[in-house]
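Taking it in order: structure first as structure tokens, then the write-up.
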Amino acid sequence: MTNNIYPFNPLDKKHLGESVGQAMLRQPINSLAGLSKFNGAGVYAIYYSGDFPAYEEIAKRNNSGSYIAPIYVGKAVPEGARKGKLSPASTETLFRRLNDHKKSLDKAENLHLEDFFYRCLIVDDIWIPLGESLLIAKFSPVWNNFIDGFGNHDPGSGRHAGLRPRWDVLHPGRSWAEKLQPRPETQEQIILEVKEQLRSYPPPDDDNMISV
């Protein structure tokens, strides 16, 4: 006899999000260094397989070629979505978002672009935020939940009064971040914090979305 007293609802937002997540995880892995233009909006995951000391727990889950531990999960919604005026399906918003990440990683002084890979899924705009939320909940990627700032952009002239993102302290190189105010944490302190975080809350050993 089942312990579930509630009827299964395939249209429940959790199950819909899992469907998007599972579909994304079935997409092929691609080199971020070899990114080329494509059309569409959707969700994506970035994977790391290098030897930066803070990310050993992540890299060892990806070095076998299975890529099961994303370091970052994100979304790219169509232009105009927040205003209710969606652009045509031919938008390049997902490519542009990944290309922004590629540029950030290429500028980082202690990371190598060839160590980064991605998979992505082009999704109808209504399901994009839900898919991203479920993927983040499943994998707790360190650049989403512990090290802020990877997806940030230059705040613009006259807006550099804020603190430098932790990501830019850990991975210096973006010139605009150097204009922001120094943080109290050192790079060495953040490395130790990341190591401890990943020891205490290691990435999943599989990419099965069912356990979300």
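Only the coordinates and a few stated rules stand behind these numbers; no lab work does. Predicted model only: the values in this text are computed from it and were never measured. Note: ideal-geometry Cβ built from the backbone for every residue, glycine included; neighbour counts use all protein chains shown.
The simple spin-label model puts a point 7 Å past each Cα toward its Cβ; for Ile29 and Asp51 those points are separated by 1.9 nm. Any chance you could tell me what percent of the C-alpha pair distances in the stretch 13-149 go past 22 Å? Looking at the stretch 13-149, the distances longer than 22 Å represent 36 percent of pairs. Measuring nothing but how far apart in sequence close Cα pairs (under 8 Å, 6+ apart) lie, relative to its length, the stretch 13-149 scores a relative contact order of 41 percent.
Phi angles of the stretch 56-66 translate, via the Karplus equation with coefficients 6.51, -1.76, 1.60 and θ = phi - 60°, into HN-Hα couplings of 4, 5, 6, 4, 5, 7, 10, 5, 6, x, 8 Hz per residue; Gly and Pro are given as x.
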